[in-house]
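A short write-up of the structure that comes next.
The values are calculated or read from the model by the stated rules, or taken from the named source; none is laboratory data. Quantities reported herein were computed from a predicted structural model and do not represent experimental measurements. Here the Cβ is made from the backbone with ideal geometry for all residues, glycine too, and neighbour counts use every protein chain on show. The accessibility values were calculated without ligands, DNA or RNA, using every heavy atom of the protein model including side chains. Shrake-Rupley method; radii C 1.70, N 1.55, O 1.52, S 1.80 Å.
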Amino acid sequence: MVLDECTFDVAPAEIVALLGPSGCGKSTLLRIIAGLERLDGGVVELASAHGAQRVVAGSDPASGKAVHVAPERRGVGLVFQNGALFAHLDVAHNIAFGLAKGEDRTSRVSELLAMVDLAGFEDRYPDQLSGGQQQRVALARALAPRPAVVLLDEPFSNLDARLRRSLRREVTEVLRRSATPTVIVTHDRDEAFAVADRVAVMRDGRIAQFGTPSDVYDRPVDDWVARFVGDANFLEVRTVGDREVDTLADTVVGPVRVGAPVAAGDTVMIRPECLTFERTSAWPLGRVVGVEYTGATLLVDVDVDVGAEVDAKADAGAVVTHGSVRLRSEQSTAGAAPLRIDDRVVVHVHPATVAHRVEVS
C-alpha cells in the first residue's frame, strides 16, 4: 500500500483513531510509526523520555541524514488483534517482558494489574484467560515500559459484539488513566467515535479528513466521508426565482438552514435523525419503500418524486429511479403507529437542523 498526504499529530494523553475500510492503508501507517515498515518519504517524530520530539524515521532536518530507529528503541507499545501473548509465560512475566532489568518489576507489574483490573491473576497463563482478559494483559504489557505512544491494531475485532463494547470502555478508561498518547486502528465507525478524541478517516492511502468525531460526522469534507461514517441524505440546492440561495437553502424537503453560504446546484447533507416522516393522505411528498426495525428506532426509506429536472443523489447502496431521490429517516418507535411499506408521507425537518454543504466526488 502506497501512503501519501498522511499528516497528523497526537497530543499528550490524546487518543486518535485511524478509521477506514479494509485496504485503505491504516495498518500500514501504524506499522510505519512502530518501525515495522520502512519509510520512503516523510518524517515520523515521537516524544523522547524528556518530552522533546525526536525523528525516528525519515530525513532528520537537523543532520539531513536518513533515520530509521529500530522498533525496540522507539519507545512504542504495540497491541495486536489477538493480543500476541507468550503462551509459555504467566501473566506477570508477560507484562514484565519489556521492562528494563534495573526497574522494580514486581511493583510495576502489580501497578498495571490493578490498572487493568486483573489483580490476583499474576500466576495464570494465557490459555486460562478469556479473550477480554488476554487483551487487557496485552495492554498492560504495552504500557509497562511507559512508552511514548501506544499503538492498537484492531484490538477488539476478534471479540463478540457485547464483549467488544464492554472491553473498549475498559481499555479507554485504562488509557485515560495512564495519560499515554494512543493511536488505534479500526474499520468500525462506532468504535472510533466512542474511544477517540480525534479521528483520521483514511481512503486509498490518504487521510481524507482529520478532526473530532462531531466534525467528521456533522461536517464531512465530501460525500464519500459522509457515507462512510453514517447514513446521509444528499439534497440539491435549488434557486428561488432569479436569486441564488444564501444561508437558507431551498431543497426537495423545503427550506433548510445551512452552516455557510451556498448556491444553486450545490449539494447539502442532512443526517437521517434530522428528518421525520409522517403518514398522510393529502399532498404526500413520497412513498415508503423500506422499513428497518433496530429496537429503539426505525430506519425508514422514502422515494420522493422531484421531477426530471433534479439530479438524483442517494445514500450508499440505494437504487434511485430517474426523477426521484431516496431519503432516509431515523425515528423513534415510540408514539404513533410505525410506518409501513407503500405508506404515503410528508417530511418534517427538525427545527434545529443545520445542513452541511459537501463536495460530490
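What number of residues in the stretch 62-73 are in a loop (DSSP other than H, G, I, E, B) and either touching a Leu at 6+ places or on another chain (Cβ under 6 Å) or at pLDDT 90 or above (or both)? Selection size over the stretch 62-73: 2.
I need the full set of residues from the stretch 14-26 which are open to solvent by less than 40 Å² (accessible area, probe 1.4 Å) and more than 14 Å from the chain's Cα centre (by Cα), in order please. Result: Glu14, Gly25. Within the stretch 206-235, residues that are over 22 Å from Ser329 (Cβ atoms) have Cβ atoms under 6 Å from residues that are polar (S, T, N, Q) and in a strand (DSSP E or B) in these pairs: Val221/Gln209, counting only partners at least 6 apart in sequence or on another chain. Remark: pairs (first residue in the stretch 327-347, on the phi > 0 side of the Ramachandran plot; second residue of a type outside the set (Asp, Glu); Cβ separation under 9 Å; 6+ apart in sequence or on different chains) = Asp342/Arg287; Asp342/Val288; Asp342/Val289. The residues in the stretch 228-244 that are open to solvent by 50 Å² or more (accessible area, probe 1.4 Å) and either at pLDDT 90 or above or outside any strand (DSSP E or B) (or both) can be counted, and the count is 8.
Please go through the stretch 115-140 and give me each residue that is closer than 16 Å to Ser178 by Cβ, open to solvent by 20 Å² or more (accessible area, probe 1.4 Å) and free of Cβ contacts under 8 Å to residues at least 60 places away in the same chain, ordered by number.
Residues of the stretch 115-140 closer than 16 Å to Ser178 by Cβ: 115-118, 135-140.
Subsequent filtering for residues that are open to solvent by 20 Å² or more (accessible area, probe 1.4 Å) retains 115, 117, 136.
Once the filter is applied, which keeps residues that are closer than 16 Å to Ser178 by Cβ, open to solvent by 20 Å² or more (accessible area, probe 1.4 Å) and free of Cβ contacts under 8 Å to residues at least 60 places away in the same chain, the stretch 115-140 yields Asp117, Arg136.
Total residues in the stretch 87-114 satisfying the condition of being at pLDDT below 90, in a loop (DSSP other than H, G, I, E, B) and open to solvent by 30 Å² or more (accessible area, probe 1.4 Å): the figure is 7. Among residues of the stretch 83-110 that are touching a residue at least 24 places away in the same chain (Cβ under 8 Å), those with a beta-carbon under 9 Å from a residue that is surrounded by fewer than 12 Cβ atoms within 10 Å (Cβ to Cβ) and of a type outside the set (Val, Ile, Thr) at least six positions away or on a different chain give the pairs Ala87/Asp127; Asp90/Asp123; Val91/Asp123; Ala92/Asp123; Gly98/Glu72.
Residue count for the stretch 141-171 under the criterion of being open to solvent by 60 Å² or more (accessible area, probe 1.4 Å) and not in a helix (DSSP H, G or I): the result is 4.
What residue, of Asp9, Asp40, Asp4, is in contact (Cβ under 8 Å) with a residue 12 or more places away in the chain, out of contact with any Ser or Thr (no Cβ under 7 Å at 6 or more places or on another chain) and open to solvent by 30 Å² or more (accessible area, probe 1.4 Å)? Before you say what the answer is, go through the steps one by one.
Details: Asp9 fails: in contact (Cβ under 8 Å) with a residue 12 or more places away in the chain; Asp40 fails: in contact (Cβ under 8 Å) with a residue 12 or more places away in the chain.
Step by step, each of Asp9, Asp40, Asp4 is checked, and only Asp4 is in contact (Cβ under 8 Å) with a residue 12 or more places away in the chain, out of contact with any Ser or Thr (no Cβ under 7 Å at 6 or more places or on another chain) and open to solvent by 30 Å² or more (accessible area, probe 1.4 Å).
Listed by first and then second residue, the pairs with beta-carbon distance under 7 Å, at least 6 apart or on different chains, first residue in the stretch 20-34 and of a type outside the set (S, T, N, Q), second assigned to a helix (DSSP H, G or I), are Gly20/Lys26; Ala34/Pro71.
Summed over the stretch 172-227, the residues that are open to solvent by less than 40 Å² (accessible area, probe 1.4 Å) and assigned to a helix (DSSP H, G or I) give a count of 12. One residue is enough: does the stretch 61-71 have a residue meeting the conditions in contact with a helix residue (DSSP H, G or I) (Cβ under 9 Å, 6 or more places away or on another chain) and either crowded, with 16+ Cβ neighbours inside 10 Å or touching a residue at least 24 places away in the same chain (Cβ under 8 Å) (or both)? Checked the stretch 61-71: at least one residue is in contact with a helix residue (DSSP H, G or I) (Cβ under 9 Å, 6 or more places away or on another chain) and either crowded, with 16+ Cβ neighbours inside 10 Å or touching a residue at least 24 places away in the same chain (Cβ under 8 Å) (or both).
Out of the residues in the stretch 322-353 that are in a loop (DSSP other than H, G, I, E, B) and among the charged types (D, E, K, R), state the one that is surrounded by the most Cβ atoms within 10 Å (Cβ to Cβ). Show your work before the answer.
Kept after step one, since they are in a loop (DSSP other than H, G, I, E, B), are these residues of the stretch 322-353: 322-323, 333-343, 350-353.
Of the ones still in play, those that are also among the charged types (D, E, K, R) are 340, 342-343.
On the way: Arg340: 10, Asp342: 8, Asp343: 20.
Result: Asp343.
When residues in the stretch 245-296 are screened for being without any contact (Cβ under 8 Å) to a residue 60 or more places away in the chain, open to solvent by 30 Å² or more (accessible area, probe 1.4 Å) and in a strand (DSSP E or B), 8 of them pass.
Would you check if there is a residue in the stretch 117-135 being in a helix (DSSP H, G or I), over 19 Å from Leu159 (Cα atoms), of a type outside the set (Lys, Arg) and modelled with pLDDT of 90 or more?
Filtering the stretch 117-135 for residues in a helix (DSSP H, G or I) gives 126-128, 131-135.
Then keep just the ones that are over 19 Å from Leu159 (Cα atoms); that gives none.
No - not one qualifying residue is present in the stretch 117-135.
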